Amino acid sequence: MTDRQKFLYFIALHRTGLWVTALSLLLLVFPLVENNPYTLGLTNLIAIHAIVVLGLNLFIGYAGQISLGHAAFFGLGAYGSAIACVTFGLDSWLAMLLVAGLVALVALLVGIPALRLTGHYLAMATLGLNFVFHTILLQWDQMTGGPSGFYGIPSLSLGSFAFDDELRLHYLLWGLALLSLLLCLNLVRSGVGRGLSALAGDEIAAAALGVDTRRAKVKVFVLSAVLASVAGSLFAHTYGFISPDSFGIFVSTDLVIMVVIGGMGSIWGSLFGAALITLLPEWMDLFETYKDFVHGGILVLVLMFLPQGLITGLLDLLRVQLARLRQKNVTA
């Protein structure tokens, strides 16, 4: 084997690790190149959305299920941490962990009966969960602040070091987003991940091959809910204020759009989808009123012409074109 072949083999073998390392280095130096607090605030929001979308993509893209209610778990994490810190005086990190455990229990209790459903029945069940949660946030104003929202949420801190500016939050949020990325990448390459992929392809065939489909669906549902909860807690401590509108039905829809645009079953695509939909309102500021229509239009176009997702579909088209060029060169 020549040195070039050895090098190419090394690249192919460690491709994922090299991509993660490259992304980590890019995020490490990004604030040195772009230190505008507004820009950093946008990228921090992308990191929070990415954590939610990574978990949701496991459920939609790998388990082949559908959830239109993940904003409820996102909101449970946010309001749970806010209430635990402000009302009960708990440490913010402890509150985040306790709330994540509580959300895992809620997801388990909801998932066991709900995941007996499939297709649009499951979508309606999760949508109903989001609607009930949003109504509770609006009506239970003594605890949640009602339509006025919840104020005075403290920043995360380690001792006397507080994550109270955009630069410090950049490293914290993207550090946790990268940990979530590594978790999902390792999961989908494990035996559990291969079982989930089989489940998405054909549930009956997966069961015939020994995959406990019901348990697998519940497990990935709980994991995706926990990631959404952690992201919600980070959202609350980052902005210091939350309101019911931040966790409504349209937010759940946006999260699904992020998954679809990035590519169902594409972990890396989740980052792209989260970034695109988060930044889109900033690029089309004049059309803010029609944001939901634009998001819906993008979703329809992607599903019609690139059903495997925007980034995945474009890469597939590129591979096809390169293969055709090689074929022409061979026959020429």
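The values are calculated or read from the model by the stated rules, or taken from the named source; none is laboratory data. Not measured: the values here are computed from a predicted model. Note: ideal-geometry Cβ built from the backbone for every residue, glycine included; neighbour counts use all protein chains shown.
Quick notes on this one:
- Criterion applied to I249, I261 was being touching a Gly at 6+ places or on another chain (Cβ under 7 Å) and β-branched (V, I, T), and the one residue passing it is I261.
- I51 being assigned to a helix (DSSP H, G or I), of a type outside the set (G, A, S) and modelled with pLDDT of 95 or more: yes
- Any pair with Cβ under 7 angstrom, 6 or more apart, that starts in region 71-96 at a residue that is without any contact (Cβ under 8 Å) to a residue 24 or more places away in the chain and closer than 28 Å to T126 by Cα and ends at one that is among the aliphatic types (A, V, I, L, M) and buried (at least 22 other Cβ atoms within 10 Å of the Cβ): A84/A95; A84/V99
- Contact map, region 164-177: residues that are small (G, A, S) paired with residues that are in a helix (DSSP H, G or I), Cβ distance under 6 Å, separation 6+ or inter-chain. Pairs shown: A177/A47; A177/A50; A177/I51.
- Scope region 180-221; condition of a type in the set (S, T, Y) and closer than 27 Å to W19 by Cα; matching residues: S180, S190, S197
Results for (1) under 18 Å from the mean Cα position of the chain (by Cα); (2) surrounded by 15 or more Cβ atoms within 10 Å (Cβ to Cβ); (3) part of a helix (DSSP H, G or I), shown as yes or no for each residue.
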site	(1), (2), (3)
F59	yes, yes, yes
I66	yes, yes, no
S81	no, yes, yes
A95	no, yes, yes
N130	yes, yes, yes
T135	no, no, yes
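- Residue in region 227-243 that is at pLDDT 85 or above and within 22 Å of G201 (Cα to Cα) present: no
- Residue in region 306-314 that is at pLDDT 90 or above, surrounded by 14 or more Cβ atoms within 10 Å (Cβ to Cβ), over 23 Å from R189 (Cα atoms) and not polar (S, T, N, Q) present: no
- Residues being free of Cβ contacts under 8 Å to residues at least 60 places away in the same chain and either assigned to a loop (DSSP other than H, G, I, E, B) or within 21 Å of the chain's Cα centre (by Cα) (or both) - total across region 196-214: 5
- Filtered residue count, region 97-128, keeping only those that are in a loop (DSSP other than H, G, I, E, B) and surrounded by fewer than 19 Cβ atoms within 10 Å (Cβ to Cβ): 3
- Residue check for L183: out of contact with any helix residue (DSSP H, G or I) (no Cβ under 6 Å at 6 or more places or on another chain), surrounded by fewer than 18 Cβ atoms within 10 Å (Cβ to Cβ) and in a helix (DSSP H, G or I): yes
- Positions within region 139-149 being assigned to a helix (DSSP H, G or I) and buried (at least 16 other Cβ atoms within 10 Å of the Cβ), in sequence order: T144
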